[in-house]
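In what follows, a structure is listed as structure tokens, so that the remarks can point back to it.
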């Protein structure tokens, strides 16, 4: 009887030890993968609202015509600038990073912003001409021809030259996002130590990793709360998982 009881106890201990080992192995090799950040990520900075608000302030100076933010936003759809973020894990919860604003994406976004601005401007100019009793055509092509005749350049070129800056400069965005260095990830906080770009700077951000998305929610301990609010959230999408 005592021998049977001993065998039962040993069996239970072996099963318990086996289950514990399996659980630890799962947590190490699988559950930890949920927190792995390695990969090539791409994110977008949304610029539509900023561009539309800036354009609206300028357009409202035109006499006798009314324009709303919704009117301007309807001409500026989905203005975004792409950011690439590469995270390379070198040990559990830490690694290296490289982040860049894509200049070609910025140029395309800026061009699209001013094309939308030009569309809104031509519409208001046509309305103003009709109110003034202008007898010639006031469709888009006619107004564009009138702008070229008057200013010696297209509406887009005129607004780029004489109008307001609709977007932050590329240099400003690069100063805010570009750089490389090392990172640590623990308890939902991603801490990046910049060694190039913002050299010496440390940025700690709350993040959520869900499937193929990495969401940076806010900066923790930021001394400039307004700047932090303007920056977040930033949603990155995994482009190419790294093979381990």
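No value in this document is a laboratory result; all are computed from the given coordinates. Quantities reported herein were computed from a predicted structural model and do not represent experimental measurements. As a convention, Cβ positions derive from the backbone with ideal geometry for all residues, glycine included, and neighbour counts pool all protein chains shown.
State the percent of C-alpha pairs, over all pairs in the range 60-124, separated by a distance greater than 19 angstrom. Counting pairs separated by more than 19 Å, the tail of P(r) holds 54 percent. Rounded to the nearest 0.05, the FRET efficiency derived from the C-beta distance between residue 148 and residue 49 at R0 = 25 Å is 0.25. Eigenvalues of the alpha-carbon gyration tensor of the range 38-240, scaled by 5 and square-rooted, set the equivalent ellipsoid semi-axes at 43, 15, 14 angstrom, largest first.
Extension gain for residue 74 to residue 60 (0.36 nm times residue separation, less C-alpha to C-alpha distance): 3.4 nm. Residues 205, 78, 219 in ascending order of nearby Cβ atoms (within 10 Å, fewest first): 78, 219, 205. By the count of other C-beta atoms within 10 Å, a proxy for reagent exposure, 117, 97 are ordered fewest to most as 97, 117.
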